[in-house]
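The values are calculated or read from the model by the stated rules, or taken from the named source; none is laboratory data. As the structure is a prediction and not an experimental result, all values here were calculated from the model. Neighbour counts are summed over all protein chains in view; Cβ atoms, including those assigned to glycine, are modelled from backbone coordinates with ideal geometry. For the accessible areas, the whole protein counts, side chains as well, though only heavy atoms, and no ligand, DNA or RNA atoms are used. Shrake-Rupley method; radii C 1.70, N 1.55, O 1.52, S 1.80 Å.
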Amino acid sequence: MKMNWLLMTAGLAATAIAASIPALADDPILIKFAHVVAENTPKGLMAERFKELVAEKTGGDVVVQVFPNSQLFGDDKVLEAMLLGDVQLAAPTLSKFGRYTEVLELYDLPFLFEDLDAVERFQQSPLGQEMLHSVEGKGLIGLGYLHNGMKQLSASKPLRTPEDAAGLTFRIMSSEVLEAQFEALDAAPIKKSFSEVFMLLQTNAVDGQENTWSNIYSKKFYEVQPYITESNHGLLDYMVVTSAEFWNGLPDETREQVAEALDEALAYGNQIARDKAIEDKRKIAESGRTEIIELSDAERAQWVEAMKPVWQQFEGQIGRERIEAAYSANRP
Ligand code: SIN
């Protein structure tokens, strides 16, 4: 990840804003890092690693406090809180930036990426890196991407073909693309925060949801959903984000140290994402609490056919060039 542009542009603003950093001369600078998932996930473990690396690299001048499991803010409030200075770092899913930019909706398009290698190639390309800047006009700075993985569909009944999902209710993240994706199946999507999902499933308030193996495992969704279809139909990744006011107000050297710590923590978290997709799926399968449905090629083709029209619906706001570049990352 390239941090240089951030470091250079921030340098000028730093002097002007340094006075706004809420610290006395010898007090450490505090970074509150709020997220919604469990500690034992790619994001949870990345956040802990970041905390350690920041302590090492800044010699204690910066202290990171991690708040997992929506303890401090849910994803619906965290970005507003960041702009108010109540939290300094977060890593919402790319699906949750709709109020700040439309271009990140790209990452929600169904069947766009075949695997994390393709995602990585696109995210590290100039176009993928440029998309990190898309929230800057709103006072936020995208510092980097973090993987979680490909999403699977879970439900109260077996889903083998798109027709099986018709008429069911699905919890979704706050994304228009995801809404359109489930509407394309004649299903009813309901936007709800992550902290509510287990209860919604347990009480049958919704019939299903889509998520990664690590979220399904760590939040025990598999205990209250008798079927999981291994659809790999979409991506769930994150953008680590901070406020421009906080970032630009850090002393130059400190900003460089924190940026370095984040680069290392992201590399660590990205490897964990790959490992957990395999491990957590295995643990779910071994639990015997749910049936994992594997799709035949013919069945999978039906899901692609049902969901892919969503691309055209959002081409105008995402940009055709971005969609084509992302899709071509599947064939390096
Ligand atoms: C997350 O992984 O941060 C939350 C995902 C979700 O809201 O489903």
Heavy-atom SASA rank of Asp275, Asp75 (probe 1.4 Å, accessible area, largest first): Asp275, Asp75
Reachable lysines from Lys276, criterion Cα separation under 20 angstrom, eight or more residues apart if same chain: Lys43, Lys151, Lys219, Lys220
Relative contact order (%) - criterion: Cα under 8 Å, at least six apart; region: the chain: 28
Computed label-point distance, nm, for sites Ala166 and Arg282 using a 7 Å Cα→Cβ extension: 4.0
Spherically averaged projected area of the stretch 25-328 from its Cα convex hull (nm²): 14.8
Surface share of carbon and sulfur [accessible, 1.4 angstrom probe, percent] for the stretch 35-121: 46
Rounded accessible area per residue of the stretch 25-328, 1.4 Å, Å²: 39
